Amino acid sequence: MWFFTRHRSDADTQEAATMRGTPSPAELQDIIVTVRNMVQDEQSQGLKCSTTDEFLLRFIKASHYNEQTSFHLIKRYFKAKIENPEAFIVQSPAENIKMLQRKDLGLPLKDRDKCGRRVMNIKFGKLDPGKESWTSVIQSTMMILEAFSLEEDVQDNGVALILDCTHFSLKIMKWATPHKIRTVLGFFQDCIPLRFEAIHIVNYPYIFNVFASALKPFMNEETKRKLIWHSDLSSIEQYIEKVSLPGDLGGQLKPEEVEDWYKMVLEKEEIFTEFRKMGYSQ
């Protein structure tokens, strides 16, 4: 598929941009103007999307301020939504509120990690393949991640994921088919304007090692480097304060402290409505 592998030229230019560091305000404005011009030129190919500074900055920061990489990311982002509209076109949070209110499959933590990153705790092992719709699980995840990407500190610092594999089973492994995983990894690695800076894997049984080995061919080298395997829960406290972790991860965070976490997604209803109007004409 077209979005499974980042072009080598993109990787090279992004690495060079990372070494340059954060641009000055004047340099940043020049980058925005350059990317805006590229996007406007793409309109001849049927692309309709916002060109405001705020919209473009999501892609520019996710691409370490490299103009060409930012432009390619915008194109991949919208083309992925044509390829898999049910999964990647963000729907109305209000219409999916019951899914967002659930806490059994995970939720964002209240505090940032020690590097200032937003943290998303995903209880992968709690999925019940007999009851869960793949599309609804991906949609709720997409709503949260898109909402994250609109926050300035997330654009600057990225996101950390906790993948809790407690109760991971062969049933889940069969449910998460290679096609599903390949599609999702492709989007998260190459299409979403969000940097995943750390992926913490906890409470993993042996069968998850088998599952992870099957996933590796679909992971790029950058994703592989960001995997952090925790053989015991105490080691995650090197990255996230104990007071910020939920009790099932050995922490002190009380459920009532994150009772209304989903409201940060509901607040983006109007923005998501505008996003659904954007994309390539078909």
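In the chain, with Lys and Arg counted as +1 and Asp and Glu as -1 at Cβ, which of these residues, PRO129, ILE162, PRO25, has the Cα nearest the positive end of the dipole, that is, farthest along it?
Checking the options against the dipole of the chain, the answer is PRO129.
Return the single residue from MET120, MET38, MET143 with maximal mean-square fluctuation; model: Gaussian network over the chain, springs between Cα atoms under 10 Å.
Of the options given, MET38 has the highest mean-square fluctuation.
How big, on average over all directions, is the shadow cast by the Cα convex hull of the stretch 23-101, in nm²?
Averaging across all directions leaves 6.5 nm² for the Cα convex hull.
Taking the chain as the region of interest, what is the percent of Cα-Cα pairs per 5 angstrom bin, listed from the shortest bin to the one with the maximum distance?
With 5 Å bins starting at 0, P(r) equals 1, 5, 12, 16, 19, 18, 14, 9, 4, 2, 0.
Keeping all protein chains in place, calculate the accessible area per residue for the chain (probe 1.4 angstrom), answer in Å².
Per-residue value: 48 Å².
I'd like the carbon and sulfur percentage of the solvent accessible area for the chain, probe radius 1.4 Å, heavy atoms only, ligands and nucleic acids excluded.
Exposed carbon and sulfur together represent 52 percent of the surface.
Could you state the principal axis extents of the C-alpha atoms in the stretch 56-185, from the largest down, to the nearest angstrom?
Principal-axis extents of the stretch 56-185 (Cα, largest first): 44, 36, 29 Å.
For a quick check of understanding: with a 1.4 angstrom probe and all protein chains in place, what accessible area in square angstrom does ASP156 have, to the nearest ten?
70 Å²
For the stretch 177-282, which GluC sites (Glu not before Pro) are both in a DSSP coil and crowded by at most 15 other Cβ atoms within 10 Å?
GLU241, GLU259, GLU267
Sorted by accessible area with a 1.4 angstrom probe, largest first, how do LYS103, LYS131, LYS114, LYS48 fall?
On the way: LYS103 65, LYS131 165, LYS114 105, LYS48 135 Å².
Reading off the accessible areas and sorting them downward yields LYS131, LYS48, LYS114, LYS103.
Just name one of SER213, LEU245, ILE271: the one whose Cα is farthest towards the positive end of the charge dipole of the stretch 145-282 (beta-carbon charges, Lys/Arg +1, Asp/Glu -1).
Checking the options against the dipole of the stretch 145-282, the answer is SER213.
Just how far, in whole angstrom, is the stretch 205-282 from the stretch 23-54 if you go by their alpha carbon centroids?
About 30 Å separates the Cα centre of the stretch 23-54 from the one of the stretch 205-282.
For the chain, what is the charge dipole size about the Cα centre, in debye to the nearest 20, if Lys and Arg each add +1 at the Cβ and Asp and Glu each add -1 at the Cβ? Don't jump to the answer; show the numbers that get you there.
Details: 37 positive and 40 negative charges, 206 e Å.
That gives a dipole near 980 debye.
Could you calculate the contour length gain from SER133 to VAL243, that is, 0.36 nm times the residue separation minus the distance between their Cα atoms, to one decimal place in nm?
Extra length available between SER133 and VAL243 comes to 36.3 nm.
The values are calculated or read from the model by the stated rules, or taken from the named source; none is laboratory data. None of these values were measured; they are calculated from a predicted model. Backbone-built Cβ (ideal geometry, glycine too); neighbour counts: all protein chains shown. Note: areas computed on protein heavy atoms with side chains; ligands, DNA, RNA excluded. Shrake-Rupley method; radii C 1.70, N 1.55, O 1.52, S 1.80 Å.
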